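First the structure, in the form of structure tokens, and then the observations on it.
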Amino acid sequence: LGATGSLAPKGTATVGAGNTPRGIALSPDGDSAYVTNANDANVSQYDVAADGSLVPKSTPTVSAGAGPTGIALSPDGDSAYVGNANGTTVSQYDVGADGSLAPKTTPTVAAGTGPAAVAVSPDGESAYAVNISGDSVSQYDVGADGSLTPKSTATVATGSIPFEIAISPDGDSAYVANQNSNSVSQYDVASDGSLSPKSTPSVATGSTTFPRGVAVSPDGESAYATIVGAIAQFDVGADGSLSPKGTPTVVAGSSPRFIAISPDGHNAYATNLGDGNVSQYDIGAGGSLAAKSTPTVAAGTSPVAIAVRPDVVPPATAINSGPSGTVGTRNASFGFSSSEPGSTFECRLDDGSFGACSSPKTYIGIADGVHTFRVRATDFSGNTGSAATRSWTIDVPSPPTPSGDDDPPETTIDNGPKSRVKAKKK
């Protein structure tokens with residue numbers, strides 16, 4: 001990802017996977033990646049190098065069930081789950097210290113027919129599997145060891161041929177793209193993680209639009225679904241309900257499948273199965289998508305899933321203006337910026353505590369002496385960078401003291417309108 005969010009092939013543009021790779025996920029720390037290989041019934045696993053390139057782990061694959069498709073990791077990174085779309089199970093794994101997967105003591109848990117996509121709630125306490133042939137979502141409690149057990153209500157109905165599920169960042173809503181119903185089902189998430197249809201249980205994407213992928217923006221205010229030749233875009237209301245944006249769709253390529261959003265919420269990417277490329281968009285004010293100046297970037301044959309590496313890099317902060325050296329004023333104003341747009345800032349003067357601030361930050365009536373200003377930025381993903389610092393010295397000259405040698409000014413004593421006496425001290 002370049003500075004503008006545009007994609008460019010890495011020096012090594014591809015890395016080998018198995019037969020018919022279908023799903024991809026990255027660990028929360030961004031150090032490992034996993035790809036499901038549907039026709040090999042396994043999962044390829046990779047280390048992520050410092051430059052983001054994938055390198056097969058020492059154990060390059062781990063077995064899965066029949067037709068593994070969707071994959072998700074728990075927020076703590078300790079467990080992974082794979083939907084086996086050609087069967088009726090979800091495989092579950094422990095994640096080792098090096099990111100390698102190992103089947104849990106109970107390696108699978110029952111699902112509906114054709115579990116494809118899987119998702120884990122933001123709090124890590126619930127998991128969901130979309131049953132593509134069962135028109136339902138299986139829902140699970142996540143135990144202390146990451147193992148899944150069906151909730152008391154094991155499934156909730158969807159539309160026809162559900163493909164993917166997305167959970168809102170606050171964990172209060174869930175959305176499922178229904179291919180043959182031309183709709184997105186929408187659910188409330190109860191305190192125990194159970195799904196229940198909202199008062200308006202689904203929102204239409206238009207006739208013969210065949211939605212496949214669905215995603216929610218990191219700020220939770222927008223949602224998107226891939227449809228035939230386009231991306232449907234929605235506003236998310238206060239209660240989590242979806243409504244089409246003023247511009248309800250934006251053009252994509254042929255047979256778009258899945259969509260991913262950059263962690264900072266500024267960029268979106270959709271795989272175009274029929275074109276062998278990825279559409280790339282800027283996300284503007286209000287969450288609306290606009291094609292980048294280079295609207296697509298080439299991919300391999302029939303790209304399906306897409307993932308963006310988690311943001312683990314803190315922003316760099318720069319102090320752009322403010323006093324330096326020795327100054328003759330007790331006031332100071334500092335201008336500063338972050339390498340990541342949308343960052344928030346904290347400032348500190350001398351030995352004080354860091355506190356929220358914005359540029360410019362002004363201080364009034366500072367004492368003489370040497371002082372140090374510090375400011376640090378936190379990005380959208382919560383990464384806080386090192387503080388930028390600037391020191392300066394305040395030396396305000398004292399006002400001159402009167403000598404007392406000069407004669408005082410002549411004084412007029414007014415005794416009224418008829419008598420004025422001039423007095424002068426001898």
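A full extension of the chain between residue 39 and residue 358 corresponds to an added length of 109.5 nm, given 0.36 nm per residue minus the alpha carbon distance. 3J(HN,Hα) along segment 250-266, derived from phi through the Karplus expression 6.51 cos²θ - 1.76 cosθ + 1.60 where θ = phi - 60°, amounts to 9, 5, 10, x, 7, 6, x, 10, 10, 10, 10, 10, 5, x, 7, x, 9 Hz, with x in place of Gly and Pro.
Calculate what fraction, in whole %, of the accessible area of the chain sits on carbon and sulfur atoms when a 1.4 Å probe is rolled over the protein chains. That share works out to 51 percent.
From the cross-link list 104/198; 198/245; 245/361, which pairs have alpha carbons spaced over 30 Å apart? Walk me through the numbers before you get to the answer.
Numbers: 104/198 35 Å; 198/245 19 Å; 245/361 37 Å.
The answer is 104/198; 245/361.
Assuming a ≥ b ≥ c are the square roots of the Cα gyration tensor eigenvalues, decide whether segment 72-228 counts as rounded (a/c under 1.5), prolate (otherwise, with a/b larger than b/c) or oblate. In terms of gyration-tensor shape, prolate.
Comparing 177, 119, 85 along the charge dipole axis of segment 58-178, the residue lying farthest to the positive side is 85, per the Cβ-charge model. A compact globular protein would have a Cα radius of gyration near 2.2 N^0.38 Å; the ratio found for segment 1-120 is 1.05.
Computing FRET efficiency as 1/(1 + (r/R0)^6) for residue 147 and residue 401, where r is the C-beta to C-beta distance and R0 is 56 Å, gives about 0.10.
Protein-only accessible surface at a 1.4 angstrom probe places the residues 311, 188, 145, 351 in the order 351, 145, 188, 311, largest first. For residue 364, the accessible area of its heavy atoms, probed at 1.4 Å with every protein chain present, is near 130 square angstrom. Its Kirkwood hydrodynamic radius, worked out from the mean inverse distance over all distinct Cα pairs, puts the chain at 24.7 Å. Residue 106 contributes an accessible area of around 80 Å² to the protein surface, as traced by a 1.4 Å probe with all chains present. Based on every Cα atom in segment 157-231, Rg and the maximum pairwise Cα distance Dmax equal 11.7, 38 Å. Relative to the current alpha-carbon distance between residue 51 and residue 384, full extension at 0.36 nm per residue lengthens the span by 117.8 nm.
Estimated at 0.36 nm per residue, the fully extended path between residue 247 and residue 200 surpasses their Cα-Cα distance by 14.8 nm. Annotation: per residue accessible area for the chain equals 47 Å², rounded to a whole number [probe 1.4 Å, protein chains only]. Dipole magnitude for the chain: about 1200 debye, using +1 per Lys or Arg Cβ and -1 per Asp or Glu Cβ, origin at the Cα centre. Here the Karplus curve 6.51 cos²θ - 1.76 cosθ + 1.60, taken at θ = phi - 60°, turns the phi angles of segment 338-348 into couplings of 10, 6, 10, x, x, 5, 9, 10, 10, 10, 8 Hz, with x standing for Gly and Pro. Residues within the reach of a label modelled at residue 309 (point 7 angstrom out along Cα to beta-carbon, backbone nitrogen below 17 Å), restricted to segment 73-104, are 99. Spin-label model, residue 58/residue 1: points 7 Å from Cα along the beta carbon direction are separated by 3.2 nm. Here residue 292 is the anchor, and the aspartates and glutamates within straight C-alpha reach of less than 19 Å, apart from those fewer than 8 places off in the same chain, are 264, 275, 282, 340.
What aspartates and glutamates could a cross-link reach from residue 151, if we take a straight Cα to Cα line under 14 Å and drop same-chain neighbours fewer than 8 places away? Within reach: 125, 141, 192.
The values are calculated or read from the model by the stated rules, or taken from the named source; none is laboratory data. Just so we're clear, the structure is a prediction, and the values are computed from it rather than from any experiment. Note that we place each Cβ from the backbone using ideal geometry, even for glycine, and neighbour counts take in every protein chain shown. Surface accessibility is based on the protein's heavy atoms, side chains included, excluding ligands, DNA and RNA. Shrake-Rupley method; radii C 1.70, N 1.55, O 1.52, S 1.80 Å.
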